[in-house]
1. Put the label 7 Å from Cα along Cα→Cβ for residue A:424; what are its distances to the other copies, in nanometres, shortest first?
2. Give the average, rounded to an integer, of partner chain Cβ atoms located within 10 angstrom of each Cβ in B:547-559.
3. Which FRET efficiency, nearest 0.05, do residue A:457 and residue A:539 yield, Cβ-Cβ r, R0 35 Å?
4. Once you have the Kirkwood Rh of segment A:517-596 from its Cα pairs, apply Stokes-Einstein at 10 °C and 1.306 mPa s and quote D in µm²/s.
5. Taking 41 Å as R0, compute the FRET efficiency from the Cβ-Cβ separation of residue B:119 and residue B:410 and round it to 0.05.
6. In nm to one decimal, list the spacings between the residue A:172 label point and its equivalents in the other copies, with label points set 7 Å along Cα to Cβ, shortest first.
7. So what's segment B:386-495 giving for Rg/Rh, alpha carbon basis, Kirkwood Rh from the mean inverse pair distance?
8. When each copy gets a label point 7 Å from Cα toward the beta-carbon at residue A:532, what are the spacings between them in nm, shortest first?
Protein chains: 2
Amino acid sequence: MPVCHWNPALIPICLVEPGKHHESATYLPRGTLVPLFRRQFQFTYTVSQQQQCNMDEAAPPSKKAAKKAEAKARKEALKVQRADARQAPSSAVELDDPAKGFYGQAPTTPIIFSSSAEDISLRNFSNRNVEGKTIILRAWLQTSRTQSAKMAFVKLREEGNWTIQGVVTATSEPPEQEPPIVSRPMVRWIAGINPESFVVVEAEVQRPIEPVKRCRVSNFELRITRCYLLAPAPAILGMTLAAANRPVVDFNDEAIGAKAGVREEEETDKEGPPAATPVQQAIAGIRMEMKHQFRSYLKARVFKEFEPPSLIGATSEGGSSVFRMRYFAQEAFLAQSPQFYKQFEIAGGRKRVFSIAPVFRAGNSNTSRHMTEFTGLDLEMEIRNDYSDVLYLLEGVLLYIFRQVHRIFKDEIELVRSVYRSSEILLPEPGQEAQQLLREEGPAEFRHVRDDDDMSTPQEKALGALVRQKFNTDFYVVDKFPETARPFYAKLDDTAAAGSAEGAVKVTNAFDMFLRGQEILSGGQRTNHPDELEARIRAKGIDPASPDIDGYVQVFRQVGVPPHGGGGIGLDRIVAWYLGLPSVHLAAYYPRTPRRLLP
Amino acid sequence: MPVCHWNPALIPICLVEPGKHHESATYLPRGTLVPLFRRQFQFTYTVSQQQQCNMDEAAPPSKKAAKKAEAKARKEALKVQRADARQAPSSAVELDDPAKGFYGQAPTTPIIFSSSAEDISLRNFSNRNVEGKTIILRAWLQTSRTQSAKMAFVKLREEGNWTIQGVVTATSEPPEQEPPIVSRPMVRWIAGINPESFVVVEAEVQRPIEPVKRCRVSNFELRITRCYLLAPAPAILGMTLAAANRPVVDFNDEAIGAKAGVREEEETDKEGPPAATPVQQAIAGIRMEMKHQFRSYLKARVFKEFEPPSLIGATSEGGSSVFRMRYFAQEAFLAQSPQFYKQFEIAGGRKRVFSIAPVFRAGNSNTSRHMTEFTGLDLEMEIRNDYSDVLYLLEGVLLYIFRQVHRIFKDEIELVRSVYRSSEILLPEPGQEAQQLLREEGPAEFRHVRDDDDMSTPQEKALGALVRQKFNTDFYVVDKFPETARPFYAKLDDTAAAGSAEGAVKVTNAFDMFLRGQEILSGGQRTNHPDELEARIRAKGIDPASPDIDGYVQVFRQVGVPPHGGGGIGLDRIVAWYLGLPSVHLAAYYPRTPRRLLP
């Protein structure tokens, strides 16, 4: 076990006190999922001691010394640069400069580059024969380092954390040189550009003396001959890349105030400007890939996409956690699920449908598993044999998503795991049981779980641990939920076997799927006969003639609706639990909680 | 000109009075975009005389007589069937029937079919060697016709209007026959099934004596040997396929009450059951294809998809048409566009992003161009040269969508045009001008349109007609909108040319795109320098320090934001205007208007 040299207690990543949003010089680095704004959130993000130890553990000790030395050297250079920058007229170009016109604020007229210069992205460097070519690159200037009055280095960054080293060297006797001319004032001006400014450079691609380890493009560097400032950043910036990549583990909204204003040691000792957060970009990439694979798996199986509405005129599944609003002369609600609409599509003559749409829950749940707005991946399908048609399809689509992402995003998953430590995900051979397993082999407090209980979150997690240990999988199904734990549209299991035992618990053809012990999907067969449906509604103590329910029931009276079933997957949850993230909030672009609506 | 034999005035397709939703026996056919529920909407859909004439015109006169005769014959057969059905114990199977077990209500246990029987969809008939095979088909029984006590015909329908004829013929001497046995009671039972019930049949695929013209699969028919009722339809159904395919042209909400209860002659003279509406399915297919092509065009150009939120904490673009709601201790709004969020992504270090998400407008606009919820196709990108980067990309993606849909959905477009008559769409060579063209060559009432006017809808339509006539295109761009007609984030045109003329109208690098004279896209370059942005905000009379605006402006102060621009496309509008539909409501799955929230 490596020793943890670090005693963190709680380190807020958000350094801004509530109400003081815009004065502070610190902010989260760009390229994160929530680009600039996280500092405004009513959250205090904290790093636990355990997590921090894990991070240290990830870095081999042999490299540490080298890093320290490097950091020291960079700090020295930074001092030089800053002293230099104070002298440099960073916004103005000297008038008698022979390199005038090759650098400066971008003109409003189009910039003229060399006719041979080619616009190219860093991501394409590996595919192209770029050595010796003159290129144009638009990028953020991430860091700069003054080597001497004649030479400076910059680190240029494009989207996706693609970085390259740029070198700018003054040509010895400017007046005798052919263009491009680089003058000492030009070197000073470039070195004085505020970090995180957006620039465009013209440069020749060359091989560095040795690979540039700090940059993603390490086998090339750019000899800069023109540099224009397209959009300047402010003079003072906060927070380092290292701090930004630290895991976020405490989402307790109540923590603000108590901890706000506490600064971490590393923060105040600014060694450089912020950079894109590759971890957040990796999560975003995996999220969009999961959505894409869901769609393509289903399209290949003749599912048709449809669009359910967000605004609805009746509450579909109980009124407690629904957002309400004035809607002209009436009241409107935000959809809690596309359940009824999926079924309308089946009743309307489509055999297999799916939707990808936002859904809304107004519950005041301030946990790492809840958001008020999230993305639902939903499907509904005709049943040909029995409800296991649906079960197998949902298992199939989830396993496909997980396996595809594992194949395509191997590196990104490792990157995420290096920050948010988690065990490698285990995918199944089929398992079974649930309450019984929990009762017989679970923790003592769950000895008395009944077969007709719906499971609580702690029970679900305990079950997840048991299943992992017993069946060697993180992904499993809990099937045949008791009738009491499911809404009225869940179809009762009316097979001979189900009805045989006297006093047996009534079960439904409904199931949940779990990943790492947390629910990611609810599914099952739906009641498609109107009389049975009405009986189920009455059994739940709901009046089938109430306006919210009547329209739904009538669909089944008007037409023969085939046997059908489906399920709903929370995209944010499968991203978060698949990656072992501590919160669904980290999986979303602009997470919404009871306390968070901005940005 | 063909003579219009038909004097319709206004024929409501919706026959249900408000408040009396579920008693009526009429409903819209299944397979429509809004499957069963349209009858509940607070709309009266009407058919204009002109549209009706167009429909008649579409049918060659020579076929008319044949159709009439056929309709008469079918009506006779229907009488026989109904009389028969009244005698038939349609829900019970006769006990001493030798065919017992080969038909009836579906058992709760899995149905046993012949071991050689293969599950196959009608859409796959053309790709497979099906003749002589025994198949299982799950479908709606659309119509039935009793030929004699020994023989009946049924029309079976799957999704996408795939239909096939089924024949059921009693085997002559049941006891001597090998299975499968078809008895007379079985023939009677099948012929007595209520239209639009969902059934499963086992059948042998055979060639019909002559092609079955009424069915989409015309070169095969099914000799039914088993038939089970999976979900019965009610005994009484309304509305024919012909009525359902009639165009909807009057979306005037005020018309309810005045016209409700009026029945069209054909309605009461029910000649058969309803069927899927292929026109609506074609529109749905084209809609999803447009979405798909938008995504794939942009992904191929290194755009990254992101998800903007629906719930927001500040009104982004003015408060007049925004939905508000209680959100725990604060107030929340529904997003009117992802504008700010697209720009946050650019500021956050992504060079090209797009989103496909619902947007909401609370304006009380009861027109055929407005909905309160619609799907926005949005993109934002770094600008490398000037704002025409954005212009060309948006033109490119729209033309690509239109051309792809034209290529893939040729038949479906013709089908839609046969009902909603429109001229074939003309796609451009580039045109230009706008207010000037309207002033000089437009109708007299627009002689005095000024260069700094934003155009009204009638003006836009007049311009569309002029452009079509002059430049031979239905798709064109109106560029360089005056500063007064654009929001603060639109970038002023600050090129030398723009500033030269004294007293010239200040213009922006912003544009709209039009299809058939109606706006489908707003786009342009955005102001990316914070001082310029603040000045623009002030010039619009808005306080840059107001909470709604301040967070936005600060983004541009915190980091160098590259020059960028983008645009937003209304998916519902491009579907509707591309197809020449009379209303965007016809392009949506579950359209939302100030008066319509259900289903």
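1. 6.0
2. What the average comes to for B:547-559 is 5.
3. Calculated value: 0.85.
4. 101
5. 0.85
6. 11.4
7. Ratio of gyration radius to Kirkwood radius for segment B:386-495: 1.02.
8. Inter-copy label distances (nm, one decimal, shortest first): 6.6.
Only the coordinates and a few stated rules stand behind these numbers; no lab work does. Remember, it's a predicted structure, so these values are computed and weren't measured experimentally. Using ideal geometry, Cβ is built from the backbone for each residue, glycine included, and neighbour counts are taken over all protein chains shown.
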